[in-house]
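To start, the structure under review is shown below, and the notes come after it.
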Protein chains: 2
Amino acid sequence: MAVIEIRIELKKGVADPEGRNTKKALEALGFEGVGEVKTVKVYDIEVEGTHEEAVSEGEEMCRKLLANPVIQNFKVTVR
Amino acid sequence: MAVIEIRIELKKGVADPEGRNTKKALEALGFEGVGEVKTVKVYDIEVEGTHEEAVSEGEEMCRKLLANPVIQNFKVTVR
């Protein structure tokens, strides 16, 4: 049993309104020097098999369900 | 300039309906041996200062805005 971490980010150039509003809210609370804020979606999933099998299954999950290849990149690692 | 990763997870015992439904959808697509699926919220934030200052500022952001201490744990690391 392995736990894989699937990290799904927006591609460069895709608008991230949640990140932008989070930045505004942080600045309104007095945080200074806040640069870009990016939001990332992460799934931690328990799967069977070796580490290699787990990673390739995670990539398959992204292609079939979890990620939108038009606007998102994904990365699968074993935790 | 450092980029911190703020990882916000649900505490143990808190229901994660999105994770549960993701597990069901993966199984419906034919993925076998899928165990627990946890959803995690991640923010990547550019901040100023040393690594230590960046981490402590990130923790402050969680306490003041990003995390709900009743149901969520957070962890701040420098990327």
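Readers should treat all values here as calculations from the given coordinates under stated rules, not as data from a laboratory. Predicted model only: the values in this text are computed from it and were never measured. Here Cβ is always computed from backbone atoms with ideal geometry, including for glycine, and neighbour counts include all displayed protein chains.
Listing for the model above:
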{"quantity": "For the range A:9-79 and the range B:21-79, distance of Cα centres in Å", "calculated": "10"}
{"quantity": "Calculated [θ] (222 nm, deg cm²/dmol) that DSSP helices of n ≥ 4 give over chain A, each run adding -39,500 (n - 2.57)", "calculated": "-9000 deg cm²/dmol"}
{"quantity": "Size descriptor, Kirkwood hydrodynamic radius, that averages inverse alpha-carbon separations across chain B, Å", "calculated": "14.1"}
{"quantity": "Estimated dipole of chain B in Debye, rounded to 20 [Cβ of Lys and Arg +1, of Asp and Glu -1, Cα centre]", "calculated": "480"}
{"quantity": "DSSP-assigned coil residues among GluC sites (Glu not before Pro) in the range B:1-42, each with at most 10 further Cβ atoms within 10 Å", "calculated": "B:E32"}
{"quantity": "Dipole of chain A, positive direction: furthest Cα of A:L66, A:S56, A:L10, with charges on the beta-carbon", "calculated": "A:L10"}
{"quantity": "Too-long pairs where the Cα-Cα distance tops 23 Å, listed order kept, from A:K38/B:K12; B:K41/B:K64; A:K64/B:K11", "calculated": "A:K38/B:K12; A:K64/B:K11"}
{"quantity": "Per-residue average of Cβ from other chains inside 10 Å of A:19-27", "calculated": "3"}
{"quantity": "With Cα atoms, 0 to 90° folded angle of helix B:17-28 axis to chain B main axis", "calculated": "40"}
{"quantity": "A:A28-B:V3 FRET efficiency (beta carbon distance; Förster radius 25 Å; 0.05 resolution)", "calculated": "0.70"}
{"quantity": "Distance between modelled label sites at B:R20 and B:K75, nm, 7 Å Cα→Cβ extension", "calculated": "2.5"}
{"quantity": "Relative contact order computed over chain B (Cα-Cα under 8 Å; 6+ residues apart), in percent", "calculated": "53"}
{"quantity": "Folded to 0 to 90 degrees: helix B:51-61 orientation relative to chain B principal axis, Cα", "calculated": "60"}
{"quantity": "Shielding by other protein chains, A:40-52, mean Cβ within 10 Å", "calculated": "5"}
